[in-house]
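The values are calculated or read from the model by the stated rules, or taken from the named source; none is laboratory data. Everything quoted here is computed from the prediction, not taken from an experiment. So basically every Cβ, Gly included, is an ideal-geometry build from the backbone, and we count neighbours across all protein chains shown. Protein only, heavy atoms only, side chains kept; ligands, DNA and RNA dropped before computing areas. Shrake-Rupley method; radii C 1.70, N 1.55, O 1.52, S 1.80 Å.
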Amino acid sequence: MRNWKCSLLLLGGIGISNIGAWVYLIALNLIILNETGSPLAIALLYILGPIATICANSWAGSLIDRINSRKFMIGLTISRALCIALIPVLPSLFYVYGIVFIINIGSAMFEPTSLVYMTKLIPVKNRQRFNALKSFINSCGTLIGPAIAGLLFWMGTPYTAIYVNSIALLLSAFIMLLLPNVDLQTVLTETEKLSWKMIKEDFKVVYMFSHTHTFILKVYLLFVGMTIFMTALDSLEAAFAKEVIGMSDTNYGFLLSIFGTGIILGSFINTVFSNQLAVNLLIGAGSVFTAAGYTALYSSQGFISAAVGTFMIGIAITFANTGYLKFYQNNVPVKMMGRFSSLFSMVEAIFIIVLTVVIGLAAELTSIRPVGLIGSFTFLLLGIVVFKTVMAKRRGEHFEEKLTLNN
């Protein structure tokens, strides 16, 4: 009972933070657009995230694995709340971009820290159900966040929404204060300093683990590849829906709601049947059908066919994410999880920037549909590779709780 009470508190904190993140993102987009009227200025906001990941995660993993994860999460959340509250009073866009970059650095460090904390807090037998519930909470945020943002814009201005998000983050930090401390002691002592020598040694530790556990590395890198393709293809989605298919703003909003509905349904199925769904099947089938959904989307000729593809993506990505996350938690030692995820997040961020720019330029120089289809078919080939890789292993190899390295 205590474990589920803590789990619900953690899910509540995640949910509030996720809804606030949507409000913040939409409000910030409107603020920048109102100030500049430039789509390029908006695009710069999206590039700042991966750049911040590259800057932060080269050293953050060494810190995350050595300090109290709960206290660090609370500190990062409060810091982001205060930075966001400063945005409305900044004198120019130059300072806005600067503070957004700092916020993104905090977010880049928060993700691996929260993953470490969740892995330590949630018992192995409950992880798959918890991950499915987490996905469900996040998908609800996808639907509720924009609706709250619209209500706040109607009641006030985008700056009002910014302040509300700051308050939401502070509330999330308060909920984290109620959570138990899972780190009885920290490795980084007061006399020990974070140094370049320590970071290099940590890189060697991650390298040795990856070299020894090649299958774990292979599956993780395939998941990174999926994330890269999804991010790059998502950058074309709005332009494809409005310029190629000719959707109105209202219909495009419905399309996003259908995507959120798919995630909610997939999360519900994962939660109810968490003990019956094999992890390797979740990963393999989820990867293939996610890529098939993108192929269907960029093949579509109208709203109905686009909605089918989008709904398929929503359901399938929930299965894939749930499976990948449980695989990661069960096979990467929690004592080095921060370093492992931070290091490969840098690789992911670099390729996201490169592929997003390449796809964007290709769509600009040619046309959106063929670029989207080529990207989707390539993604589908990757999905088939994922399916063959994970299904080639017996269910008991790497996919069962008894082999976890985190006990």
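In table form, for the structure just shown:
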| quantity | calculated |
| --- | --- |
| Residue list for the range 194-229, given a label point 7 angstrom along the Cα-to-Cβ vector of THR378 and an amide N cut-off under 11 Å | 229 |
| Full-extension gain in nm, TYR97 to LEU44, via 0.36 nm per residue minus C-alpha separation | 18.2 nm |
| Gyration tensor verdict on the range 194-348 (Cα atoms; rounded if a/c is under 1.5, prolate if a/b is larger than b/c, oblate otherwise) | prolate |
| Restricting the range 193-264 to trypsin sites (Lys or Arg not before Pro) in coil, as DSSP defines it, with at most 12 other Cβ within 10 Å | LYS193 |
| Furthest towards positive pole of dipole, VAL332, VAL244, PHE379, structure part the chain, Cβ charges | VAL332 |
| Estimated distance in nm for a label pair at ASN181 and ASN126, the labels positioned 7 Å out from Cα along Cα-to-Cβ | 2.1 |
| Label-point separation, LYS197 to ALA85 (7 Å along Cα→Cβ), nm | 4.1 |
| Given 15 as the ceiling on other Cβ atoms within 10 Å, longest exposed-site-free region of the chain for GluC sites (Glu not before Pro) in DSSP loops | 193-396 |
| Rounded percent of accessible protein surface that carbon and sulfur make up, the range 264-377, 1.4 Å probe | 79 |
| Extreme residue, positive dipole direction of the chain, given options GLN301, LEU233, ASN29 (C-beta unit charges) | LEU233 |
| Which labelled figure in [x] 23.2; [y] 22.0; [z] 21.4 is Kirkwood radius over Cα pairs in Å, once derived from the coordinates | [y] |
| Probe 1.4 Å, accessible area per residue of the chain, Å² | 46 |
| Nearest-20 debye value, the chain charge dipole, Cβ charges on Lys, Arg, Asp, Glu | 1300 |
| Theoretical gain in end-to-end length, THR366 to GLU243 [0.36 nm per residue, Cα-Cα removed] | 42.9 nm |
| Surface accessible to a 1.4 Å probe, ARG129 within the full protein complex, Å² | 80 |
| Heavy-atom accessible surface of the range 96-177: percent carbon and sulfur, 1.4 Å | 75 |
| Accessible-area value, VAL354, 1.4 Å probe, nucleic acids and ligands omitted, Å² | 80 |
| Long-range Cα-Cα pairs in the range 307-395 (distance over 21 Å), rounded percent | 52 |
| Calculated [θ] (222 nm, deg cm²/dmol) that DSSP helices of n ≥ 4 give over the chain, each run adding -39,500 (n - 2.57) | -28500 deg cm²/dmol |
